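Notes for the one structure printed next.
Since every read-out is calculated from the coordinates, none of them should be taken as a lab result. These numbers were taken from a predicted model, which means no experiment stands behind them. We place every Cβ from the backbone using ideal geometry, glycine too, and count neighbours over all the protein chains shown.
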Amino acid sequence: MSARFRIGQGTDIHRLVAGRQLILGGVEIPWEKGLLGHSDADIVCHAVSNALLGAIGEGDIGRHFPDSDPRYKGVSSIELLCIVMGLVKGKGFRVGNVDLTVLAERPKLGPYREAMRANLATVLEVTSDAINIKAITGEQMGFVGREEGMMAEAVVLLESAE
């Protein structure tokens, strides 16, 4: 790839269900519900992975880690993000920064934000200040507001590593 900079946008949505652990940005968050998915359903890591893959023109996580493949059943999405980072580096890029928005009515994510930033920064090989995480509610509207699911959106800037 000859571009000096690349931008990617990623989104992920999962249904909330009882009996699953809630994991966001690789952090286990105590709550009565978790996200349903083939992997650990970490929407934060999935949105960032989708944004990274988009920036390098490599599709999405469903293409690389299909839910029909038993190897990814229950896998940590941090592990998947590490694999995606390998693809990014293989294309000659490094992460400049990430801006992420999590849409969740509950629980409050403020107490977990720094741990999420630290986890993402480690995998993405940047300092924590290159990762911004915002959380908003659905104001009791739509699937987020009714606590049926959560959504995350991410934008990444990649810079040429050369």
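A few remarks follow.
- Single unsatisfied condition, ALA152 versus (1) in contact with a His (Cβ under 8 Å, 6 or more places away or on another chain); (2) free of Cβ contacts under 8 Å to residues at least 24 places away in the same chain: (2)
Every residue, every condition in (1) surrounded by 13 or more Cβ atoms within 10 Å (Cβ to Cβ); (2) closer than 22 Å to PHE143 by Cβ; (3) touching a strand residue (DSSP E or B) at 6+ places or on another chain (Cβ under 9 Å), yes or no:
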| position | (1), (2), (3) |
| --- | --- |
| PHE5 | no, no, yes |
| ILE13 | yes, yes, yes |
| LEU16 | yes, yes, yes |
| GLY19 | no, yes, yes |
| LEU22 | yes, yes, yes |
| GLY26 | yes, no, no |
| ILE29 | yes, yes, yes |
| LYS33 | yes, yes, yes |
| GLY37 | yes, yes, yes |
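- Restricting attention to the stretch 1-29 and to residues that are in contact (Cβ under 8 Å) with a residue 24 or more places away in the chain and in a loop (DSSP other than H, G, I, E, B), the residue that is nearest to ALA152 (Cα to Cα) turns out to be GLY25.
- Among residues of the stretch 129-162, those that are under 18 Å from the mean Cα position of the chain (by Cα) and surrounded by fewer than 17 Cβ atoms within 10 Å (Cβ to Cβ), counted: 5
- Considering the stretch 63-162, there are no qualifying strands (runs of 3 or more DSSP E) wholly inside with 3 or more residues that are over 20 Å from GLN21 (Cα atoms) and hydroxyl-bearing (Ser, Thr, Tyr).
- Residues of the stretch 39-59 that turn out to be buried (at least 21 other Cβ atoms within 10 Å of the Cβ), out of contact with any strand residue (DSSP E or B) (no Cβ under 8 Å at 6 or more places or on another chain) and over 14 Å from ASP99 (Cα atoms), as a count: 1
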